Structures are given as structure tokens and as C-alpha cells.
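For reference, the structure is listed below as C-alpha cells.
The values are calculated or read from the model by the stated rules, or taken from the named source; none is laboratory data. From a predicted model like this one, the values you see are computed outputs, not experimental measurements. Cβ atoms come from the backbone with ideal geometry, glycine included; neighbour counts cover every protein chain shown. When the accessible area is computed, the model is the full protein with side chains, heavy atoms only, and any ligands, DNA or RNA have been set aside. Shrake-Rupley method; radii C 1.70, N 1.55, O 1.52, S 1.80 Å.
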Amino acid sequence: MSLFLSSYENRLDTKGRISVPASFRASVASEKFAGVVLFRSFTNNCIEGMTMSRMEQMAAATDKMGVFDSELDDLSALLFADARPLNFDVTGRVVIPADLLAHAGITDTAIFVGRGNSFQIWNPDAFRTAQEKSLQNLRKSRPNLKIGE
């Protein structure tokens, strides 16, 4: 399984290419699809990213929903119609489509944020604000993860 950890800030070049962090590329090295799948986040102003196999798991999960479920229509429109499979170039870069960059408010610099089985791409300032909010929320709620049960 691919695991995306840590955060990395990279610049877009003049042609709109950005280097995907080496550790993220290593996480997808064993995948059939040599790249990542990106789509607009519906929970934050950022871009969601994952492997093609993780996207296939998402498709399998939506198969369990009712065929005429309105939530399925919404999820399908966002997860699958909006998804962009992007191959790495020879140096490990991708070109993120302009509409995804605009959704995330990314202009010249982006931060890749590991989220375990997936990752997000943010405007660096927006991410720092969101991360601080998450820290404050976690300090209040103090979640307790059950490991090995």
C-alpha cells in the first residue's frame, strides 16, 4: 500500500510544471499507473491526490451506494468526472490543470501534504492556517486511536 507522509513545498515552473516530492513518487513506484490522480477537494480549498489503485477503491466504495442515490450523483461528478490522471514526466513533474490550481488558490508555490493513503496540495499560507486550526481542534478533542484491535 502507498503511504504519503510529511509535507513538501515546491514551486511551479514557467510552464506550469511542479515536481512531485520524491517520497511521494516512491510511494507509487509499485503501482500500475505511473502517476497520480488529482481532483478538487469538496471539504477544503485544496487539491486531493491519490494513486490510481486508491481511486479504484473509491469506485468500489461508491458501488455499494444505491444506483439512484443523489449522493452518488454528487460524488461521481466530483470524484470521477473531475479526476485527472497525471503521469510523471522523466524528472517526476506533473502539470496541474489550471482549474485545479484556481480552486486551491495556488499561483507559484504549492505544498504537498501527506495524509496516509492520500495527499493534498495546498496554497502554503492556506495550509498553515488550516493546520493551526486542526491543532487547536485536536487539543480540545484529544482523539484516542485504537491500534491493533
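What's the total number of residues in the stretch 127-149 that are hydrophobic (A, V, I, L, M, F, W, C) and assigned to a helix (DSSP H, G or I)?
4
From the residues in the stretch 83-116 that are in contact with a Pro (Cβ under 9 Å, 6 or more places away or on another chain) and either on the phi > 0 side of the Ramachandran plot or assigned to a loop (DSSP other than H, G, I, E, B) (or both), which one is surrounded by the most Cβ atoms within 10 Å (Cβ to Cβ)?
ILE106
Which one of the conditions (1) open to solvent by 40 Å² or more (accessible area, probe 1.4 Å); (2) touching a Phe, Trp or Tyr at 6+ places or on another chain (Cβ under 7 Å) does PHE80 fail to meet, given that it meets all the rest?
Every condition holds for PHE80 apart from (2).
Inspect all residues belonging to the stretch 107-126 and state whether any of them is free of Cβ contacts under 8 Å to residues at least 40 places away in the same chain and within 14 Å of PHE39 (Cα to Cα).
No, there is no match, as no residue in the stretch 107-126 is free of Cβ contacts under 8 Å to residues at least 40 places away in the same chain and within 14 Å of PHE39 (Cα to Cα).
Out of (1) β-branched (Val, Ile, Thr); (2) under 30 Å from LYS15 (Cβ atoms); (3) more than 19 Å from the chain's Cα centre (by Cα), what's the single condition that is false for ILE106?
Only one criterion in (1) β-branched (Val, Ile, Thr); (2) under 30 Å from LYS15 (Cβ atoms); (3) more than 19 Å from the chain's Cα centre (by Cα) is unmet by ILE106, namely (3).
State the number of residues belonging to the stretch 18-32 that are more than 16 Å from the chain's Cα centre (by Cα) and either open to solvent by 60 Å² or more (accessible area, probe 1.4 Å) or closer than 17 Å to GLU48 by Cα (or both).
Total meeting the criteria: 3.
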